[in-house]
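First the structure, in the form of structure tokens, and then the observations on it.
The values are calculated or read from the model by the stated rules, or taken from the named source; none is laboratory data. A quick note: this is a predicted structure, and the numbers were derived from the prediction, not measured. Ideal geometry is used to build each Cβ from the backbone, glycine not excepted, and the neighbour counts take in all protein chains shown. Ligands, DNA and RNA are excluded from the accessible area calculation, which covers all protein heavy atoms including side chains. Shrake-Rupley method; radii C 1.70, N 1.55, O 1.52, S 1.80 Å.
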Protein chains: 2
Amino acid sequence: MNALTRRGLLVGIGAAGGAGAMYAAMGALGLAPAEQAGAFTPPAPGDFTLRGRASARVVIVGAGIAGLTVAYELGKAGYDCTLLEAGERAGGRNLTLRGGDRVSETSGPAQEVRFGEGVYFNAGPGRIAPWMLTMDYCRELGIPVETFVNNNAHAYVHTKGRTVRARAARADMYGYIAELLAKATNVGALNRTLTKDDKERLLEFLRRFGDLGPAYEYDGSSRRGFVKYPAVTRGIPLDPPGALHQILAAATGRAITNDFGYDQATPMFQPVGGMDAIVRALTAAVGPGRIRTGVQVTGITTRQNDVEVTWSGGAHTADYCVVTLPPHVLATVPHNLGAAVQAALKTPVPVAAGKIGLEYGRRWWEIDDRIYGGITETDLDITHIWYPSHDYHARRGLIVGYYASEGQAELYGALTPEDRLRRALTQGKKIHGEKYRSELLSSVSIAWERRPHIRGGWARWPAFDSSFTLLQRPSGRVYFAGDWLTYLIAWQAGAMESARNAVTQLHQRVLQSP
Amino acid sequence: MNALTRRGLLVGIGAAGGAGAMYAAMGALGLAPAEQAGAFTPPAPGDFTLRGRASARVVIVGAGIAGLTVAYELGKAGYDCTLLEAGERAGGRNLTLRGGDRVSETSGPAQEVRFGEGVYFNAGPGRIAPWMLTMDYCRELGIPVETFVNNNAHAYVHTKGRTVRARAARADMYGYIAELLAKATNVGALNRTLTKDDKERLLEFLRRFGDLGPAYEYDGSSRRGFVKYPAVTRGIPLDPPGALHQILAAATGRAITNDFGYDQATPMFQPVGGMDAIVRALTAAVGPGRIRTGVQVTGITTRQNDVEVTWSGGAHTADYCVVTLPPHVLATVPHNLGAAVQAALKTPVPVAAGKIGLEYGRRWWEIDDRIYGGITETDLDITHIWYPSHDYHARRGLIVGYYASEGQAELYGALTPEDRLRRALTQGKKIHGEKYRSELLSSVSIAWERRPHIRGGWARWPAFDSSFTLLQRPSGRVYFAGDWLTYLIAWQAGAMESARNAVTQLHQRVLQSP
């Protein structure tokens, strides 16, 4: 998600101050080595053996990506970790659904997943930016990654009831803004801003940027694509573009700038075979025996010399605890961490998010539409349609029929699974026609705000204020971790960064404790 | 290659005329089904058995992609095809080099390829656009394809001696042109062009497009990237952008619009494991026994009832011949096809093209620079640096240290392989530093204009004139095929389209002959 707005960044520039100057001296271009890894040093066995100290027992509440990463990093130094997971399996929102799986919600019927062999649906996170820590863990854990197509010029843009290829929407918008700016430049409107050299360079750029004609006019471009692409003959172009007024009224702006953000820029990545490859690899590294599933914690008590975690019919005592539950879920668990902690936990607002996976027996989007991966952007309530970036030309395939958040996700989540499907098909048909319904094999939808023990797609802080920083530090012997404690909310990388933060603090404390 | 300029397209709009109108009626948006496959119907055994006719013997000169495709399609109907290939192996410019291979040129020493296990270098074509026929053949032949990253926001742009991330170059240029156009709009310079509604929509778009501030000013954006990306803390931004004058003087325009063309737009694709998977699959389908290598044709004679192809020490007679040599090579072969054909063959100009593959024992571009695939664009004579879009996080990897054509390729091609390497490393070091040289394991370079039997990267028509159309038709019993006979020059798709064109004409003739 676009956790940082531009305004947020500008606040950040002020806040960073001295550190920014230091890093700038290292190379203002992001060239500093290991820029993302930062200063994290994983705990190592030698940390204890060389200092004559013993490692500690740590109980981790929640076996999502944050909890697994905490256990994995602490495990490198021999900590005795126990993970308590309320659900039936580890992974949290990192959930990949396959045939035979069953998806339950807090109310309503469970869905049986009926996908064929090899078909999967990343119901939670689905993409990774190259600068994210998630890539480091994939490398460290030997998880093969492949390209995730986040921008496809050959996918569609559907706005105001009309469907065009993304490449055409982009060429037209760029063409006209280049023409307008060239016109303004040539009539002297920017003479006070631009030198003669600037003007020449700007015009040269605009001609290239907009594919303008000799008089800096935009009247179409091969960049828009063709009815029949060039081959033995020259190709049959599309109809000429609409007039400027029509192009502006089409409101394609959001769609064609969708990958401009630092967290959405091309290329992105995904683990081969499903996002839960990360869960499997972390689980294997942690040791599956350390994870107790079906344990819903009902109490957390920090004490002078230890911490106790209880549940219906059981309790676990350890030296330290790391809680990785979502804040709105943790806020419902009795604890003795104090009123400030409780108030802070209640500050972030859970956000609804949902997706639907649509399985087809024929990859018509590849065969008929020549869309290999990427996203069709719409102004419908489905927002996006994702096409798979893997197993191209396979027989079956799965597209994501909506990926909605906030109000639109609540709207879909409130429906029965059958009605979600019906609605998604009605919308998608507007773009892809009758086959969108007629060729469907099966589907499954997820409404994260209705998932037991999770109850939200992610959490939104009204402001990154003192509640946020309070929970980045321990309360007694209890540490907190999760993507919601970072500026990478809704990204696995956030969970991993937060886990490293908790691990670093906990390990330093253990090493320094008498 | 960008075979079609915008001007070329506009000529095409006029030329297409009636057909354009017809296709437009089918849906102006490229929505017509099977838009690329066109009207091609592969020959089928039933074409003969149902009509009481016999198939024919066809000799194909050149076993590159065009020749292989001709043999493959004719073979579907049982034609008796023989391919004569001057080189040691089939594939032509579709050449993937691996450890143990040997690369020879028309003069100078041969290069031994020393790459480690699993490392390969696509020395010829390296990428496929989704609308291209190449994708259809990959599907039909069961060749797995994966995404080729043709635009990477995290790669670099190196111009005027400075290196920035592509995302920063793009954000700054877009930011400033949005600011300038907003300014011109707000001072009324475009009042005669824009209605009030237009203005509002334009300003809304510009704010989004340039990530502008409240007064429509550009003063940086998180889209530029960070020194340290957001995590537990807010992230450390880059230094603020240069002033407008500096950004324009940096001349990043070519680099940041590099994938705007219809043939370069994101995403693109490649066969898994190397481009020559296409050669292997076509060869297997054709039957390797039909390909005679090391046969350099010295004569082509079309006669009343057959055609004879001769070489030193041998001859082959068939009913028809399809010649797929490059035009400048074919023009040196004695034939009886007439003066007009010979003049036409001499019209296209061979173009030099070269690449160097640099093998490293560590994927420092992934680990240090977080560049996973994509291209760094430069104004140096290396033009581009390509990073591999496959086997991410593998131990070894190969980058393309230059991909040059025309004059810059001639410059590199004229050097010894050692000097090509030395020069490429000197240039690449300006971007990537000393490791670019010190961590190199091995390299191999190709200069297509110096390759025996090929002698060019591709051919350029001064104009797509009557010589071009003359050779799209047979001369006697001899047909011509190759990418150079299409508007997809330098693309394998061109060779395939041209092959289908020759196959269609030849098969119709055989079916109609008495």
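Roughly how many Å is it from the Cα centre of segment A:212-235 to that of segment B:389-405, as a whole number?
Taking the Cα centre of segment B:389-405 as reference, the centre of segment A:212-235 is 32 Å away.
Please sort B:152-161, A:75-84 by packing, taking for each peptide the average over its residues of neighbouring beta carbons within 10 angstrom, highest first.
Details: B:152-161: 22.3, A:75-84: 20.4.
So the peptides B:152-161, A:75-84, ranked by packing, come out B:152-161, A:75-84.
Taking Cα atoms, how many degrees apart are the long axis of helix A:417-432 and the longest axis of chain A, rounded to 10 and kept between 0 and 90?
30 degrees
For A:200-211, what's the mean count of beta carbons from other chains sitting within 10 Å of each residue's beta carbon? Working shown, then result.
On the way: counts 1, 7, 7, 0, 4, 11, 4, 2, 5, 7, 2, 6.
Per residue, the number of nearby Cβ atoms from other chains is 5 on average.
Please report, as a whole percent, how much of the solvent-accessible surface of segment B:282-413 comes from carbon and sulfur atoms (probe radius 1.4 Å).
Exposed carbon and sulfur together represent 48 percent of the surface.
For A:Gly299, enumerate residues with amide H under 5 Å from its amide H, sequence gap 5+ or separate chain, H modeled in the peptide plane.
Those qualifying (amide H under 5 Å, at least 5 residues apart or on another chain) are A:Thr310.
Please state the charge dipole magnitude for segment B:362-514, taken about the Cα centre, from unit charges on C-beta atoms (+1 on K and R, -1 on D and E), reported in debye and rounded to the nearest 20. Show your work: numbers first, answer last.
On the way: 20 positive and 17 negative charges, 99 e Å.
In total the dipole reaches around 480 debye.
To the nearest 10 square angstrom, how much accessible area does B:Glu418 have with a 1.4 angstrom probe?
Accessible area of B:Glu418: about 110 Å².
Tell me the distances, shortest first, between A:Thr332 and the same position across the other copies, using label points 7 Å along Cα→Cβ, in nm to one decimal.
The projected label point of A:Thr332 is separated from its counterparts by 8.0 nm.
Full extension from A:Ala340 to A:Gln508: what is 0.36 nm times the residue separation minus their Cα-Cα distance, to one decimal in nm? Let's see the in-between values first.
On the way: separation 168, 0.36 × 168 = 60.48 nm, distance 2.43 nm.
Going from the current span to full extension adds 58.0 nm.
In what sequence, highest mean first, do B:231-239, A:236-244, A:489-497 appear when ranked by Cβ atoms within 10 angstrom?
Ranked by mean Cβ neighbours within 10 Å, highest first: A:489-497, B:231-239, A:236-244.
Would you please give the FRET efficiency between B:Thr426 and B:Ser104, computed as 1/(1 + (r/R0)^6) with r the Cβ-Cβ distance and R0 = 41 Å, to the nearest 0.05? Working shown, then result.
On the way: r = 26 Å, r/R0 = 0.63.
According to the calculation, E is roughly 0.95.
Each label point is 7 Å from the Cα along the Cα-to-Cβ direction; what then is the distance between the points at A:Ala284 and A:Thr195, in nm?
Taking the two extended label points, one gets 6.0 nm.
Quick query: amide H of A:Leu441 versus all other amide H atoms, modeled in the peptide plane; which residues come in under 5 Å with a sequence gap of 5 or more or a different chain?
It is A:Glu359, A:Tyr360, A:Gly361, by chain and number.
Mind giving me the nanometre distance, one decimal, between the label points for A:Arg303 and B:Arg437, set 7 Å out from Cα along Cα→Cβ?
My value for the distance between the label points is 6.6 nm.
Can you give me the angle between helix A:6-16 and the longest principal axis of chain A, using Cα atoms only, in degrees from 0 to 90, rounded to the nearest 10?
50 degrees
Nearest 5 percent is fine: what portion of the DSSP beta bridges confined to chain A is antiparallel? Could the numbers behind the result be given before it?
Working: 49 of 68 bridges.
Of the beta bridges lying entirely in chain A, close to 70 percent run antiparallel.
Going by amide H atoms built from the backbone, whose H comes under 5 Å of the H on B:Leu83, apart from near neighbours?
Hits under the 5 Å cutoff: B:Ile60, B:Ile291, B:Arg292.
Please label the shape of segment B:126-191 as rounded, prolate or oblate, based on the square roots a ≥ b ≥ c of the eigenvalues of the alpha-carbon gyration tensor (a/c under 1.5 means rounded; beyond that, a/b larger than b/c means prolate, else oblate).
On the way: a/c = 4.97, a/b = 2.02, b/c = 2.46.
Oblate, because a/c is 1.5 or more while a/b does not exceed b/c.
For B:Lys160 and B:Arg114, compute 0.36 nm times the residue count separating them, minus their Cα-Cα distance, and round to one decimal in nm. Show your work: numbers first, answer last.
Values: separation 46, 0.36 × 46 = 16.56 nm, distance 3.47 nm.
Roughly 13.1 nm would be gained on extension.
Helix-only mean residue ellipticity at 222 nm, chain B, DSSP H runs n ≥ 4 weighted -39,500 (n - 2.57), per residue, nearest 500. What is it?
On the way: 18 runs with 170 residues, N = 514.
After summing the helix terms and dividing by the residues of chain B, the value is -9500 deg cm²/dmol.
Assign unit charges at the C-beta atoms only (+1 for Lys and Arg, -1 for Asp and Glu), then state the dipole size of chain B relative to its Cα centre in Debye, rounded to the nearest 20.
Working: 56 positive and 47 negative charges, 61 e Å.
With only Lys, Arg, Asp and Glu charged at Cβ, the dipole is about 300 debye.
Over all directions, what mean area does the Cα convex hull of the protein assembly as shown project, stated in square nanometres? All intermediate terms of the calculation are to be shown ahead of the outcome.
Numbers: hull surface 174.2 nm².
Its Cα hull, projected and averaged over all orientations, spans 43.5 nm².
Of the peptides A:88-101, B:93-106, how do they stack up when ordered by the mean number of other Cβ atoms within 10 Å, highest first?
Values: A:88-101: 19.6, B:93-106: 17.6.
For the peptides A:88-101, B:93-106, the packing ranking is A:88-101, B:93-106.
Roughly speaking, to the nearest percent, how much of segment A:87-232's 1.4 Å accessible area is carbon and sulfur? Please list the in-between numbers first.
On the way: 2310 of 5170 Å².
Using a 1.4 Å probe with all protein chains present, segment A:87-232 comes out at 45 percent carbon and sulfur.
Calculate, for B:Val187 and B:Ser312, the FRET efficiency according to 1/(1 + (r/R0)^6) with r their C-beta to C-beta distance and R0 60 Å; round to the nearest 0.05. Walk me through the intermediate numbers first.
On the way: r = 76 Å, r/R0 = 1.27.
Computed FRET efficiency for B:Val187 and B:Ser312: 0.20.
Pairs of alpha-carbon atoms within less than 8 angstrom and 6+ residues apart define the contacts here; what relative contact order does segment B:425-483 have, in percent?
Values: 24 pairs, mean separation 7.8, N = 59.
With pairs under 8 Å counted, the relative contact order is 13 percent.
What does the average come to when, for each residue of peptide A:253-263, you count the partner chain Cβ atoms lying within 10 Å of its Cβ?
5
Hey, what did segment B:344-483 get for relative contact order, percent, Cα under 8 Å, at least 6 apart?
This gives 35 percent for segment B:344-483.
Report relative contact order for chain B in percent, whole number only (criteria: Cα-Cα under 8 Å, sequence separation at least 6). It would help to have the intermediate numbers written out before the result.
On the way: 967 pairs, mean separation 107.8, N = 514.
Value for chain B: 21 percent.
Which of A:Ala414, A:Phe148, A:Ala171 sits closest to the plus end of the dipole of chain A, meaning its Cα is farthest towards the positive end, when Lys and Arg get +1 and Asp and Glu get -1 on the C-beta?
Farthest towards the positive end: A:Ala171.
With +1 on each Lys and Arg Cβ and -1 on each Asp and Glu Cβ, how big is the dipole of the protein assembly as shown about its Cα centre, in debye rounded to the nearest 20? Spell out each step's value before the answer.
On the way: 112 positive and 94 negative charges, 62 e Å.
In debye, rounded to 20, the protein assembly as shown gives about 300.
Take the alpha-carbon centre of segment A:80-121, take the same for segment A:355-371, and report the distance between them in whole Å.
Taking the Cα centre of each part, segment A:80-121 and segment A:355-371 sit 23 Å apart.
Step through the residues of segment A:493-502 one at a time and calculate ³J(HN,Hα) from phi using the Karplus curve (6.51 cos²θ - 1.76 cosθ + 1.60, θ = phi - 60°), rounding each to whole Hz and writing x for Gly and Pro.
3J(HN,Hα) across segment A:493-502, in whole Hz: 4, x, 4, 5, 4, 5, 4, 5, 4, 5.
Looking at chain A, how many pairs of lysines come closer than 21 Å at the Cα, when each pair is eight or more places apart or spans two chains? Please list the in-between numbers first.
Details: A:Lys160/A:Lys429; A:Lys160/A:Lys430; A:Lys183/A:Lys196; A:Lys183/A:Lys199; A:Lys355/A:Lys429; A:Lys355/A:Lys430; A:Lys355/A:Lys435.
Total qualifying Lys-Lys pairs in chain A comes to 7.
How many angstrom separate the Cα center of segment B:296-318 from the Cα center of segment A:415-492?
69 Å
Along Cα→Cβ, 7 Å out, is where each label goes; now give me the distance between the ones at A:Arg89 and A:Glu418 in nm to one decimal.
Once both label points are built, they end up 2.7 nm from each other.
Mind checking the mean number of beta-carbon atoms from other chains within 10 Å of the Cβ atoms in A:135-146?
Values: counts 6, 3, 0, 2, 5, 1, 0, 1, 1, 4, 3, 8.
Taking all residues of A:135-146 together, the mean is 3.
Interface B/A, total buried accessible area with a 1.4 Å probe, nearest 100 Å²? Could the numbers behind the result be given before it?
Numbers: alone 23730 and 23700 Å², together 36850 Å².
In total, chains B and A hide about 10600 Å² from solvent.
Along segment A:75-92, what does the Karplus equation 6.51 cos²θ - 1.76 cosθ + 1.60 (θ = phi - 60°) give for ³J(HN,Hα), rounded to whole Hz, x for Gly and Pro?
x, 4, 9, x, 4, 8, 9, 10, 9, 10, 10, 5, x, 7, 8, 6, x, x
Hey, for A:Arg290 with labels 7 Å out along Cα-Cβ, what do the inter-copy distances come to in nm, ordered shortest first?
Result, one decimal in nm: 6.0.
Using the heavy atoms of the protein chains alone and a 1.4 angstrom probe, what is the accessible area of segment B:172-259 per residue in square angstrom?
About 38 Å² of surface per residue is accessible.
Name the shape class, rounded, prolate or oblate, that the alpha-carbon gyration tensor gives for segment B:121-240, where a ≥ b ≥ c are the square roots of its eigenvalues, rounded holds for a/c under 1.5, and otherwise prolate holds if a/b is larger than b/c and oblate otherwise. Before the final figure, lay out the partial values.
On the way: a/c = 2.63, a/b = 1.55, b/c = 1.70.
Since a/c reaches 1.5 but b/c is at least a/b, the shape of segment B:121-240 is classed as oblate.
Under 1.5 on a/c is rounded, so check that first for segment B:87-127, then, if it is not, pick prolate when a/b is larger than b/c and oblate when it is not; a ≥ b ≥ c are the square roots of the alpha carbon gyration tensor eigenvalues. Kindly include the intermediate steps, with their values, before the conclusion.
Working: a/c = 1.88, a/b = 1.11, b/c = 1.70.
It is oblate, given that a/c is not under 1.5 and a/b is not larger than b/c.
Got a sec to turn the phi values of segment B:167-179 into Karplus ³J(HN,Hα) couplings, 6.51 cos²θ - 1.76 cosθ + 1.60 with θ = phi - 60°, whole Hz, x for Gly and Pro?
Per-residue couplings from phi come out as 5, 6, 4, 5, 4, 5, 5, 5, x, 6, 6, 5, 4 Hz.
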